[in-house]
1. How much accessible area does Ser300 have with a 1.4 Å probe, in Å² rounded to the nearest 10?
2. What FRET efficiency comes out for the pair Val291/Arg72, r = Cβ-Cβ distance, R0 = 41 Å, nearest 0.05?
3. Which distance in nm do the two modelled labels at Arg60 and Phe96 give, with both placed 7 Å along the Cα-to-Cβ direction?
4. Out of the total accessible area of the range 222-367 (probe 1.4 Å, heavy atoms of protein only), what percent is carbon and sulfur?
5. Accessible area per residue, 1.4 Å probe, Å², for the range 216-361: what's the number?
6. Arrange the peptides 224-236, 162-174 so that the one whose residues have, on average, the most other Cβ atoms within 10 Å appears first.
7. Could you tell me which of rounded, prolate or oblate describes the range 160-304, using a ≥ b ≥ c as the square roots of the eigenvalues of the alpha-carbon gyration tensor, with rounded for a/c under 1.5 and, failing that, prolate when a/b is larger than b/c and oblate otherwise?
8. Can you tell me how the range 199-260 classifies by the Cα gyration tensor, rounded, prolate or oblate, using a/c under 1.5 as the rounded cut?
Amino acid sequence: MFSSFVPARSMLLAIFMLMAGNGVMSTLVSFRLESAGMRAGIIGLVATSYFAGLTIGALRASPIIRRVGYIRTFAAAVSLLSATTLAYALFQNAGFWALLRFIDGLCIAAVFICLESWLNERAEPSTRGSVLAAYMISLYAGQALGQFLLNLDTFAAAPFVASSLLVSLSVLPIALTRLQEPAVSQQDPLTIRGLYAASPLGVAGCGMTGLMLGAFYGLGAVYSRRVGLEMSEVALFMSAVIAGGVALQWPVGWLSDRFDRRAVIVATLLGTTAVCAGLAWFGRPDPVLLVLGAIFGGLSFALYPLCVAHTNDHLNAEQRVSASGGLVLVYSVGAAIGPTAASGVMMTVGVGGLFLFIGGCALLTLVFALWRQFRGEPVPSELQQPYQILPRTTPAAAELDPLPRAAD
């Protein structure tokens, strides 16, 4: 099994280092703005800038790669990302930071497309699933560990400097690799109308998951701070959510492969609604908060791959890669809207408004999922496509999914 990772080890190391450095930025930026007394609405707009950049970058990075190649694009994106990370320490201004977050999103999209395309090129059909799992572990482990850079707040610039160092070092495994660059391909996603016609619940679920997780990543630090957590506790809470998101995906996926997937989506949405109600009501520093956060991460992180798998159940093999790319874009649009929408609820009802918003999104999707259950027959379990844990990064990640090729 481990031999399957050898050809991809430089990419896996690069994504781990990159996420260890940059994965904390959403938390750090929101935390600093909150500590400066900024309103939740302003913090939400800054978070939205990042997801807007990520969405646009995912659509526009391919022409740059075709013009200059993968290594130069990756190096340029990482260099610019490292520079913007240091620029936060120059002075604290919400408008300036919103611009930096937009540039961050553009850079991260280009980096993900480069790495995911390269991984797709290096993975053999028999090892594609193992490589994808290793990629997910590298991505989420780096993101979870990176949260603890918050503890370096010995002086104002320390977390930004540490983040920039890790981001800069992530270019070394790629710049020094002897592997051939992959061929540049263009995979056009299915239209949203076509996706919705094939799987209304899949499209709605991906979009609503974007709203929920975009709101959490953008404002989770604000919630943590306002319920009374110290900086080190904020890092622990955010890491617990990410760790829970990784841990529960396997059992949820196992269930979805053996029962009506719509029922598993309904149960996951019901659980997400309940735990969000608990987080909105609880609202005080306590170990229970970490447990609720981990459960929230486990359930909410599983929703996106569940909805992708449900959509794949209604498509043929030739459509699945294009469909997955389209669903990533649906998720990204939702993530761009989520922080601004959730911040409005927080300003209206208080700190619990973040999870009231997320729980409300889950509840609306739950009602829609129940309606869809009555509207159509389930896909027989023997015809369901296997659940596959997938990153919510760029459309290039869809090509890592071994299922389309397994069905050929």
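1. Looks like 0 Å² after rounding.
2. 0.35
3. Those two pseudo-labels are separated by 2.3 nm.
4. 72
5. Each residue of the range 216-361 exposes 32 Å² on average to a 1.4 Å probe.
6. Top of the packing list down: 162-174, 224-236.
7. Oblate, because a/c is 1.5 or more while a/b does not exceed b/c.
8. Note, shape of the range 199-260 comes out oblate.
The values are calculated or read from the model by the stated rules, or taken from the named source; none is laboratory data. Computed from a predicted structure; not experimentally measured. Using ideal geometry, Cβ is built from the backbone for each residue, glycine included, and neighbour counts are taken over all protein chains shown. Areas reflect the complete protein model, heavy atoms only, side chains present, ligands, DNA and RNA absent. Shrake-Rupley method; radii C 1.70, N 1.55, O 1.52, S 1.80 Å.
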